[in-house]
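The next block holds one structure in the form of structure tokens; read it before the comments.
The values are calculated or read from the model by the stated rules, or taken from the named source; none is laboratory data. Keep in mind it's a predicted model, so treat the numbers as computed, not measured. Here the Cβ positions follow ideal geometry from the backbone for every residue, glycine too, while neighbour counts run over all protein chains shown. Keep in mind that these areas ignore ligands, DNA and RNA; they rest on the heavy atoms of the full protein, side chains included. Shrake-Rupley method; radii C 1.70, N 1.55, O 1.52, S 1.80 Å.
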Amino acid sequence: MGHNAVQPSTLMSDFLRQCGGYAVIDGGLATELERHGADLNDPLWSAKCLISSPHLIRKVHLDYLEAGANIIISASYQATLQGFEAKGLSKEEGEALLRRSVEIACEAREMYHNIGCKVSWDATGNGEILKQRPVLVAASVGSYGAYLADGSEYSGIYGDAVTLEALKDFHRRRVQVLAESGADIIAFETIPNKLEAKAFAEILDEEDIKIPAWFSFNSKDGVNVVSGDSISECASIADSCKQVVAVGINCTPPRFIHGLIQAIGKVTTKPVLIYPNSGETYDAERKQWVQSAGVGDEDFVSYVGKWCEDGACLIGGCCRTSPNTIRAITKALSSRSSSATTIQF
Ligand SMILES: C[S+](C)CC[C@H](N)C(=O)O
Ligand SMILES: N[C@@H](CCS)C(=O)O
Ligand SMILES: [Zn+2]
């Protein structure tokens, strides 16, 4: 896919058409980093690996591409200039790490496409180039609550001192840097309240951000976003923002998704994206997931058909999902997809 300066209005529709109507988002990045031995008990959480083990991030992106992902999300969820500064890094060093998060994902895409580029010949000498699967690189922007590193993205309660202007000041430079990093789209993810959605929309507008964005909210009851703000109001903010090309839900238990897709579909015609977590609960103090109440890959994937019927067209996984989850989603979506996989010549 192309990089910067693609018209927001066409990027997502062109991409979805190339994918045959349904696109696969990757799964939990942090989850896989941990599975490979990374210790994320740190205020930077998954972004810590940008400093300690960038090669591991690239491997995890590659694993998700091999599992069928059409969109890989960078390791910048909890990468903030303020968080890097607290580690003693300069503004320039922090900005370089933000850019690096996207470069690592782009490198993985390039490696994947180089490995995957094959020609096959049949007995009569006719050749077939196996078409490269379309892949977008999404630059993650986590919420202010993610930066707080205390699980606040699952409460969305920041207190009265955190105003709209404070949130815009907090996020502005990071968004500018990521928008110029070579990413195809900005993924504002795990947005826990209406105020932060408004802050993101205003930054996109005020800074005239040239790449498109998606807004993805999280919920713990299937009715509202985690703060208690209405999902309809949150999705309406996304709908009104011209740079936003998809709206949805992530890091939310699978059992809540059905009703949320329906609520979002009532206020926007933009494509709906869904990448739930496993349904387990996060213990922010220990920075560990509590294993009870989660669903396995089979149960997770049993929802996929229903989510498509509800109107979702971009589907993946968030925390505690893995390449196996994404492989199963890819399989489930391929039977619905209308795309040809080869170019004949
Ligand atoms: C999406 S949560 C699991 C990310 C980690 C959290 N912000 C923390 O630092 O504990
Ligand atoms: N994309 C994030 C999680 C969002 S809740 C990560 O795994 O780094
Ligand atoms: Zn998550």
* Asked: In nanometres, what is the gap between the two model label sites at residue 157 and residue 334, each 7 Å from Cα along Cα-to-Cβ?
  -> 4.7
* Structure fact -> Plugging the Cβ-Cβ distance of residue 240 and residue 90 into 1/(1 + (r/R0)^6) at R0 = 35 Å yields, to the nearest 0.05, a FRET efficiency of 0.40
* Choice from 161, 201, 284 with maximal GNM fluctuation in the chain (Cα, 10 Å cutoff) -> 161
* Would you look at the GNM of the chain, springs on alpha carbons closer than 10 Å, and say which of 191, 211, 274 moves the most? => 211
* Asked: For residue 165 and residue 233 in one chain, what is 0.36 nm times their gap in residues minus the Cα-Cα distance, to one decimal in nm?
  -> 22.5 nm
* How far is helix 231-240 tilted, in degrees, relative to the longest principal axis of the Cα atoms in the chain, given as a value from 0 to 90 rounded to the nearest 10? -> 70
* Environment charge at residue 232 (Cβ cut-off 12 Å; Lys +1, Arg +1, Asp -1, Glu -1) -> -1
* Just the accessible area per residue of the chain, please: how many Å² with a 1.4 Å probe? -> 41
* Structure fact -> Among 87/270; 220/331; 59/194, the pairs whose Cα-Cα distance exceeds 32 Å are 87/270; 59/194
* For the chain, what is the percent of antiparallel DSSP beta bridges, rounded to the nearest 5? -> 30
* First check a/c for the chain, with a ≥ b ≥ c the square roots of the eigenvalues of its C-alpha gyration tensor; if it is under 1.5, answer rounded, and if not, answer prolate when a/b is larger than b/c or oblate otherwise. => rounded
* What's the carbon and sulfur percent of the chain's accessible surface, probe 1.4 angstrom, rounded to a whole number? -> 50
* To do: State, as an integer percentage, the relative contact order of the range 1-109 based on alpha-carbon contacts under 8 Å between residues 6 or more apart.
  => 28
* **Contact order normalised by residue count of the chain, Cα under 8 Å, 6+ apart, percent** => 23
* Accessible heavy-atom area order of 330, 325, highest first, probe of 1.4 Å -> 330, 325
* To do: Report the residue, chosen from 237, 25, 51, that carries the largest GNM mean-square fluctuation when the chain is represented by alpha-carbon nodes joined by springs under 10 Å.
  => 51
* Nearest 10 degrees, 0 to 90: what angle lies between the long axis of helix 194-206 and the longest principal axis of the chain (Cα atoms)? -> 70
